[in-house]
1. Between residue 397 and residue 589, take the C-beta separation as r, use R0 = 41 Å, and let me know the FRET efficiency to the nearest 0.05.
2. According to a simple spin-label model (label point 7 Å from Cα along Cα-to-Cβ), what is the distance in nm between residue 306 and residue 541?
3. First measure r as the distance between the Cβ atoms of residue 489 and residue 548, then evaluate 1/(1 + (r/R0)^6) with R0 = 35 Å and state the FRET efficiency to the nearest 0.05.
4. How large is ³J(HN,Hα) for each residue in segment 134-139, as worked out from phi by the Karplus curve 6.51 cos²θ - 1.76 cosθ + 1.60 (θ = phi - 60°), to whole Hz, x for Gly and Pro?
5. Label points 7 Å out from Cα along the Cβ direction at residue 232 and residue 598: separation in nm?
6. Separation between the residue 415 and residue 48 pseudo-spin-labels, each 7 Å from Cα along Cα→Cβ, expressed in nm?
7. What ranking, highest mean first, results for peptides 577-583, 403-409, 556-562, 93-99 when packing means the other Cβ atoms within 10 Å averaged over each residue?
8. If you place +1 on the Cβ of every Lys and Arg and -1 on the Cβ of every Asp and Glu, how big does the dipole about the Cα centre of segment 482-540 come out, in debye to the nearest 20?
Amino acid sequence: MEFYGEMKLRGDGYGGGFSCGMTMCRSQTMERFSECEKTEERTVYRNDSGVTLTMIRKRDGEALRVHTTVQNGSSGKIGMEMLASFAVRGVKADRIHRLQSFWSAEGKLRSETLEELHLEPSWNRCGMRIEKFGNAGSMPVRKYFPFLALEDSSSGRFLGIQLYCASSWQMEILCKEDETLTVAGGLADRDFGHWLKELAPGESFEAPEAVIAEGGSLYEVCDRLVRAQHPKISPLDGQMDILYNEYCTTWGNPSYENLKRICDKIAGKGIRYLVIDSGWYGHSEYWWESIGDWDVNEQRFPGGMKPVADYIRSRGMIPGLWFEMESLAPGSAYYDQTEHLVRKDGVPLTVGGKRFWDMEDPWVIDYLGRKVIRLLKDCGFGYLKVDYNDTMGMGCDGAESLGEGLRRKMEATKEFFALIREEIPDIVIENCSSGGHRLEPSMMELVSQASFSDAHETKAIPLIAANMHRVIRPQQSQIWAVLRAGDSEERICYSLTATLFGRMCLSGEIYDLSDRQWELVEEGMAFYRLAADIIRDGVTVLHQYTAKGYNEPKGEQLVLRELGNRGLAVYHRFEASSCGEPKLPEGCRIVAEYGRADRDFSAKAWLYEKPE
């Protein structure tokens, strides 16, 4: 396997092998570059015009961080149509692993052989075979995660890659001359994501980062990639504390009175955060119609948000508040005042009725500073949930191409996240985008936590939650247990046990639960606290599942996560599941357990110790 550089400049010829329109790799641009430096940490190319392409590699634990820069040292402007964040060739693999993702069904593993992908070299090696995938838009985890793993079954080795990109991205696998593969990826190119970036003489550009790791199993590679993420966890949020979010309690109709009732019910139960979700603002009955103005609904919250935040703190919890700060709905006073909105083809970009603030506009940053940051500070909120519920698609105006316009807007959004932390250093920020549509590393590094999915009450919650171990830190993966008065004991244990794949978040009809139901909830919370350090610091060593469908899952799932000689086993049974409990590691001693797995749609968890 060899690292090398890939880019395509406007005006240069495309590669052959019937590949034009499918890939920009192997273009005339790279034929005109000469390698002028190569060490273990960097490779530098330069062409006769003075354009320099540099790929930097830096070790991060058991992973490698890779980024690429271009410096225009020529006398004229250049236009980049493609710039790979990483490119490797000579990769031996016969199986490809990707993570598919749709709303409320995030992270489903898709594994295919090269034959199934039709990636065998052609009979005389003149035709290029290509598998290209990615995402166009401002929801980077849509259809696929920016993740790829390649397996060589003959050696048992895996190569894993994660892209750090909050806008349109791509990865591509190519084969032509022999049985090995070339793999490249980065920003979605001009063909795939309408991206063209111009550089004047003396200007430079840095592509999004990629992290690459090798290992002896898919989960070993995933663990090394995830450990290379360095999220900005709030100093208040290091202990795997439990949350309560009221959305599945009030369904977008929070008020001072119903929040006071919730506070009084959960006070003293060891819950750290109480998050007020959508609906606290505006004057419409429907929370989604007033997004954008952020004027407190005084009928629901007399005197504003400070009294309710104060009350939450008085009951021993940290108050949190929901915003969808980058968007506007038709009920907003600014919806038709379009000078500060994102545009495409000169008109406001409208998606499902929603429009978007231009986060590069200083007026917008000043406005959101007053409406978001000042409100949080003045009222004493210590937790911010940032939602984002639609995508800009291919891109927007404001740069030399739609794709570059989109990239700049997303970078401006990340700068606003940084501004929030600068103004409120200890704030706990949650990354939510209709659940999991922004669960990519560059966004995850800006926050303490993230919504794992919007699948709050589905049967597939354990499947989705376990999927997240492959791509984000479990300590950041917030998993909801929505509790209903009509829930059976099995359902309560099924829901609570699923939260052991990450951060426990409660919601639902908590003031209508029976004493017995509350007993089961508190037993689950106590077990979660015992397992917290394994969830946070451990390594997932086993993930077995037989379910294929998510709407009506069948079979069972077992996940083992270990820290030293201690382990956490989480077992869920779905429809038509096998009888009996799973086999735990040989010779282990059971330390604690929760739930019972004695029928379909039941669950159990164990804490165990292995012999030293």
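1. With a Förster radius of 41 Å, E is 0.05.
2. Roughly 5.4 nm, to one decimal.
3. 0.80
4. Computed from phi, the couplings for segment 134-139 are x, 8, 10, x, 9, 10 Hz.
5. 5.0 nm
6. Using points 7 Å along Cα→Cβ, the separation is 3.9 nm.
7. Listed from highest to lowest mean packing, they are 403-409, 556-562, 93-99, 577-583.
8. Magnitude of the dipole: close to 260 debye.
All of the numbers you see were taken from the coordinates with simple rules; none came from a lab. Everything numeric here is computed off the predicted structure, so don't read it as measured data. When we count neighbours, we look across all protein chains shown, and the Cβ atoms used for this are built from the backbone with ideal geometry, even at glycine.
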